[in-house]
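Where a number appears in this text, it was derived from the coordinates with a stated rule and is not lab data. Just so we're clear, the structure is a prediction, and the values are computed from it rather than from any experiment. Counting neighbours? That spans all protein chains shown, and the Cβs are built from the backbone with ideal geometry, glycine included.
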Amino acid sequence: MTRHYNFCAGPAALPTAVLERARNELLDYQGRGLSVMEMSHRSDEFIAIAERAEADLRELLAIPSNYQVLFLQGGASMQFSMLPMNLLGQGGSANFIQTGIWGKKALSEAKRLGFSCHVAASSEANGHTAVPDEASLSITNDAAYLHYTSNETIGGLEFDYTPQITRADGAAVPLVCDMSSNILSGPIDISDFGVVYAGAQKNIGPAGLTIVVVRDDLLGKAPSTISSLFDYQMLAEAGSMVNTPPTYAWYLSGLVFQWLKNDIGGLDAMDALNQRKAQKLYAAIDASAFYSNPIAVPNRSRMNVPFVLADARLDKAFLQEADEAGLLNLKGHRSVGGMRASLYNAVPEEAVDSLIAFMADFEQRRG
Ligand code: PMP
């Protein structure tokens, strides 16, 4: 068996140790004689798995007790709709910082449902190569929340600050953050946020699970006309089990949380490793006249590193040879082309070293 280095943007690499543990427990979970996939979500065994995963996530992110943690389905994209449905239930508008494709989708879904939306700042003018200054944010007086995408997965643009917002009337505006592609990459201060959400398939676990961390005062604002499956308060009251949750994805994510705690040593250690991985790759790109990355240095994503070759006619050969060398999924998003190396938590430092060596060799032979 060979596991290649996987630079996929998502669904992304999972830690080998997690997959091995899942394999060992696949047919017979801890002597119970059945798989986690075959358990009732209401069984004592599964409730213990679910509670452990939540406790570990709370510990990793130091989530305060006045926040609920929801384990949902529908992907991060479902939150683009659930957020305004819940947070604008009593009126007001959603404000957005636009820094790329995912933030744009969040805005267009809210608009589609007829909610009042406002763009508080955008990096469109610089081609989404640098995030807007905090001083340039213009928040409406009826802002019920400010939404932003802390890491734009496609553009490779990451915020280097957490916006702190007050309206002109002095009211604090809850911050809502799509952290799909950088959650758990390092420590964050949850108390800065009203809502943090993320699809699981990058740094959390397999696709099919979405995690929403929501502050208590933002619950109970949804109109009673929406489905109970969309209502944060009802989901929180039911322990994310209004209906059958994605049990196996929940279990696997729990194994990832244990790996982060026990094998990596927590989010400070993960942060240091991620910094090192990203810095190496950007340094290699910057040192070469053949590869380039357009993002302003302070906003370069630690998780997704897009780069282009000086001659796009070589893209195909680059990808094919990389694949043959066991470096998988380096193709950039279809909307932007070029290459993208995603360096999520489960991508080991050796993978980055191999990629850098391959890039140097390719440049020497073909550049
Ligand atoms: N937001 C961000 C930042 C993403 O990277 C993605 C997926 N790549 C999404 C939202 C959409 O996630 P999903 O496919 O889980 O709906």
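Overview of results
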| item | result |
| --- | --- |
| For Ser292, distant residues with modelled amide H under 5 Å away | Val308 |
| Of His4, Leu70, Gly239, farthest towards positive along the dipole that unit charges on Lys, Arg, Asp, Glu beta carbons give the chain | His4 |
| Under 13 Å from the Cα of Lys221 - aspartates and glutamates, other chains or at least 8 residues apart | Asp231 |
| Separation in nanometres of the label points that stand 7 Å from Cα toward Cβ, at Glu45 and Arg366 | 4.9 nm |
| Projected label distance in nm at Glu324 and Glu349, using a 7 Å step from Cα toward the beta-carbon | 3.1 nm |
| Spin-label proximity, His118 to region 157-181 - amide N less than 11 Å from point 7 Å beyond Cα toward beta carbon | 167-169 |
| Kirkwood-type radius of the chain, with distances r between different C-alpha atoms, in Å | 21.5 Å |
| Charge dipole (debye, nearest 20) of region 156-234; +1 at Cβ of Lys and Arg, -1 at Cβ of Asp and Glu | 200 debye |
| Unit charges on C-beta of K, R, D, E only; dipole of region 1-67, Debye | 220 debye |
| Anisotropy class of region 297-346 from Cα gyration tensor, a/c 1.5 cut | oblate |
| Set Lys104/Lys331; Lys111/Lys202; Lys105/Lys261; Lys104/Lys261; Lys202/Lys280 screened for pairs whose C-alpha atoms are more than 30 Å apart | Lys105/Lys261; Lys104/Lys261 |
| Most to least packed among 129-135, 117-123 [average Cβ atoms within 10 Å] | 117-123, 129-135 |
| DSSP H segments from the chain that extend 15 Å or more along their own axis, Cα-based, with Kyte-Doolittle mean of 0.0 or above | 44-61, 75-87, 247-258 |
| Relative contact order (%) - criterion: Cα under 8 Å, at least six apart; region: region 230-302 | 17 percent |
| FRET efficiency estimate (nearest 0.05) - Cβ-Cβ, His4 to Lys280, R0 25 angstrom | 0.80 |
| Two-site FRET efficiency, Met241 against Ala168, from Cβ-Cβ distance with R₀ of 41 Å, rounded to 0.05 | 0.50 |
| For peptides 355-364, 301-310, 69-78, sequence by mean Cβ density within 10 Å, most packed first | 301-310, 69-78, 355-364 |
| Alpha carbon centroid spacing (whole Å) that separates region 240-311 from region 46-84 | 20 Å |
| Estimated dipole of the chain in Debye, rounded to 20 [Cβ of Lys and Arg +1, of Asp and Glu -1, Cα centre] | 800 debye |
| Computed [θ] at 222 nm, deg cm²/dmol, the chain (DSSP H ≥ 4; -39,500 (n - 2.57); rounded to nearest 500) | -10500 deg cm²/dmol |
